[in-house]
Structure formats: C-alpha cells, structure tokens
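See below for the structure under consideration.
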Amino acid sequence: MKLYFPPLAQCIVYGLLGYLASRAMPSLEYAASIAVWIALVMFALGAIILFQAVRLFGKAETTVNPIEPEKAERLVTSGLYRFTRNPMYLGMLLVLVGGALYMQNIAALLGPLAYMLSMTFLQIKPEERVLSAKFGKPFEDYCQRTRRWF
C-alpha cells in the first residue's frame, strides 16, 4: 500500500482549510465565550489521546508509520485501542475540532469534516485492507468489537 498524503500532513492541510474557510465566510462567525473553553479542552484531549496512542505502539514495539502498515509487527488492541481502532487519527480530529471551535466560525468546521472523510477513505480503509491481509481473523474480530472512530 502506497499512500502519499500522510495523516499528519492531512491534519495540517485540513486545519489550514478550516482557517481559510472561516476567513472567507465572516458572516458565519459567532460569539460564545464557552466555545473557547470547550475548544481548549478538545485540543488538549486530542493531544493526550494522540500521544498515548503513539506510546502504546512504542510499548508494543511496532511501527507507527501510517504510510507502510504492512510493516506492523503486532496488532495493538489494548488501552485506547479497546475503544477505537484509530486513536491517533481521532486525536488529530479532536485537535482540529478544538481549533475550529476556537475560531468561533461555523465554516471552520469544514476542516475537521474534510479530515474525517479523507482519513476514512484515503487512509483508514486501505490500511484496514492491509492489516486484514496481514493479521487475518484476529484483526477481523477486533474490527467487529471495536469502532473505527468513536
């Protein structure tokens, strides 16, 4: 599987897309001081989830390289991976949602939405095909009991 748009690059690009959309559509701005606090919590939660997910891969001594999932040595299903098959991507999504809420413009949510769609179809589904071929029934059983996103 060859992917040329790494997840971190997608996160950055779609974060920028959300920012540009918010600037292009100022009529969609809103003022809610609570949104700033929710944004900060979402951003922090996303960062914590992302770093914990990476740490679990490190503990399992398997690759975190999303470009070459065929190099995975082990199937990680513990910790955060009990609740979502993609906590790294979920963490990045929460960071994007936090950033969009912080901008206080509905158009900024285009970034996280585009990220989620792009990740699902350009990264996660191809990645799952590779992992299914590599790990077989254990991976398929894991997919049956664990959600893709949340």
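Enumerate the calculated ³J(HN,Hα) couplings along the stretch 13-23 in order (Karplus 6.51 cos²θ - 1.76 cosθ + 1.60, θ = phi - 60°), each rounded to whole Hz, writing x wherever the residue is Gly or Pro.
4, 6, x, 5, 4, x, 4, 5, 4, 5, 6
As I understand it, the dipole of the chain uses +1 on the Cβ of Lys and Arg and -1 on the Cβ of Asp and Glu, about the Cα centre. Which of Leu113, Ser22, Tyr89 lies farthest toward its positive end?
Tyr89
For Phe51, Phe57, Phe5, Phe121, give me the order by solvent-accessible area with a 1.4 Å probe, most accessible first, ignoring ligands, DNA and RNA. Spell out each step's value before the answer.
Working: Phe51 140, Phe57 40, Phe5 70, Phe121 120 Å².
The ranking, largest first, comes out as Phe51, Phe121, Phe5, Phe57.
Residue-wise, which Karplus ³J(HN,Hα) couplings in Hz belong to the stretch 33-50, taking 6.51 cos²θ - 1.76 cosθ + 1.60, θ = phi - 60°, and x for glycine or proline?
Along the stretch 33-50, the couplings run 4, 5, 4, 5, 5, 5, 4, 5, 5, 4, 4, 5, 4, x, 5, 5, 4, 4 Hz.
Order Ser22, Ser78, most accessible first, counting only protein heavy atoms with a 1.4 angstrom probe.
On the way: Ser22 0, Ser78 60 Å².
Result of the area sort, largest leading: Ser78, Ser22.
Calculate I(q)/I(0) for the stretch 1-145 by the Debye formula, one identical point scatterer on each C-alpha and no solvent, and give its log10 at q = 0.10, 0.14, 0.15, 0.18 Å⁻¹ to two decimals.
-0.38, -0.69, -0.77, -1.01
Rounded to the nearest 10 Å², what accessible area does Phe139 have for a 1.4 Å probe in the complete protein model?
Result for Phe139: roughly 10 Å² accessible.
With every protein chain in place, what's the accessible area of Arg148 (1.4 Å probe, Å², nearest 10)?
So the heavy atoms of Arg148 present about 70 Å² to solvent.
Tell me which GluC sites (Glu not before Pro) from the stretch 62-139 have a DSSP coil assignment and no more than 11 other beta carbons within 10 Å of their own. Show your work: numbers first, answer last.
Numbers: sites: Glu70, Glu73, Glu127, Glu128; in loops: Glu73.
Filter output for the stretch 62-139: Glu73.
For the chain, what is the calculated [θ] at 222 nm in deg cm²/dmol (nearest 500), taking -39500 (n - 2.57) for each run of four or more DSSP H residues and dividing by its residue count? Could the numbers behind the result be given before it?
Working: 6 runs with 91 residues, N = 150.
When only DSSP H runs of four or more count, the value is -20000 deg cm²/dmol.
Can you give the FRET efficiency to the nearest 0.05 for Thr146 and Ala35, using r as the Cβ-Cβ distance and R₀ = 30 Å? Let's see the in-between values first.
Numbers: r = 31 Å, r/R0 = 1.03.
Efficiency, rounded to the nearest 0.05: 0.45.
The values are calculated or read from the model by the stated rules, or taken from the named source; none is laboratory data. Everything numeric here is computed off the predicted structure, so don't read it as measured data. In this analysis, Cβ positions are derived from the backbone assuming ideal geometry, glycine residues included, and neighbour counts consider all displayed protein chains. Keep in mind that these areas ignore ligands, DNA and RNA; they rest on the heavy atoms of the full protein, side chains included. Shrake-Rupley method; radii C 1.70, N 1.55, O 1.52, S 1.80 Å.
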